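Here's the structure we're looking at; comments come further down.
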Amino acid sequence: RGKKGAPLVLVEYSDFECPYCTRGYNTVVELMKKYGDKLQFIYKHLPLSFHRQAMLASQYYEAIRLQNEEKAFKFHDEIFKNQRKLKNGEKFLKATAKSLGVNMNKLAKDYKSAPVLARIEEDQKEAAKFGMQGTPGFILNGVPVKGAYPTSHFDGIIDELKKRGKVKL
């Protein structure tokens, strides 16, 4: 999301069912509004085992992404805006996907497919390399941020990166 090659790159390792990740989502939305095309946002999966719907939601996201990246991000947004409905499991996920005009037959085939599962596993392994065990976890231009921090925290990191000549905006 955002502009590829932007001076600021924010990677998030997230769990669709984690309430702290909803805070993280709201922070990302604020950062994207504030920095516009100077920020590229990359969403990665870290579904935690004790969140029963998190893995399934990640699978749906990736299966939708195979069809249309923009619809996948709309799905992402709808999940975080309506996170409490996630307790309804696949019923909610299907209804959300359908409302976005997703090809439901293709989704049904893809969400359990090897490429979808491999992508999620890859994200989980990457998160582990960075020591991310909880969610949300962020990396902003190489700086790790573990937890749901407000926009001002990220602004402080960006100001420090500018001061040190690591980024020009």
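The values are calculated or read from the model by the stated rules, or taken from the named source; none is laboratory data. Owing to the predicted nature of the structure, the values given are computational and were not obtained by experimental measurement. Here the Cβ positions follow ideal geometry from the backbone for every residue, glycine too, while neighbour counts run over all protein chains shown. SASA here: full protein model, heavy atoms, side chains in, ligands and nucleic acids out. Shrake-Rupley method; radii C 1.70, N 1.55, O 1.52, S 1.80 Å.
General observations
- Taken one residue at a time, the phi angles of the stretch 103-113 give Karplus couplings (6.51, -1.76, 1.60, θ = phi - 60°) of 6, 5, 5, 5, 4, 4, 6, 7, 5, 9, 6 Hz. Gly and Pro are set to x.
- In nm, spacing of pseudo-spin labels at Ser49 and Lys3 (7 Å Cα→C-beta vector): 4.3
- For the chain, the solvent-accessible area works out to 54 Å² per residue, with a probe of 1.4 Å and every protein chain left in place.
- Counting only DSSP beta bridges whose two residues both lie in the stretch 1-140, roughly 40 percent are antiparallel.
- Within the stretch 71-169, the trypsin sites (Lys or Arg not before Pro) that combine a DSSP coil assignment with at most 10 other C-beta atoms in a 10 angstrom radius are Arg164, Lys168.
- Summary value for the stretch 1-139: 35 percent relative contact order, contacts being C-alpha pairs under 8 angstrom separated by 6+ residues.
- Relative to the longest principal axis of the Cα atoms of the chain, the long axis of helix 90-99 lies at roughly 80 degrees.
- Debye, to nearest 20: dipole size of the stretch 1-105, +1 on Lys, Arg Cβ, -1 on Asp, Glu Cβ: 220
- Unit charges at the beta carbon, dipole of the stretch 15-81: most positive-side option, Pro47, Ala57, Pro19: Pro19
- Here the stretch 5-148 has 50 percent of its accessible surface on carbon and sulfur atoms, given a 1.4 Å probe and all protein chains in place.
- Per-residue ³J(HN,Hα) for the stretch 122-139, Karplus 6.51 cos²θ - 1.76 cosθ + 1.60, θ = phi - 60°, Hz, x for Gly and Pro: 4, 4, 5, 5, 4, 4, 4, 4, 8, x, 7, 10, x, 10, x, x, 10, 9
- Gain upon complete extension [Ala118, Asn105; 0.36 nm per residue less C-alpha separation]: 2.6 nm
- Under Karplus coefficients 6.51, -1.76 and 1.60, residue-wise ³J(HN,Hα) of the stretch 140-156 in Hz, glycine/proline x: 10, 6, x, 9, x, 9, 9, x, 8, 9, x, 3, 4, 5, 5, 4, x
- The calculated 222 nm mean residue ellipticity attributable to helices in the chain amounts to -17000 deg cm²/dmol, summing -39500 (n - 2.57) over DSSP H runs of n ≥ 4 and dividing by all residues.
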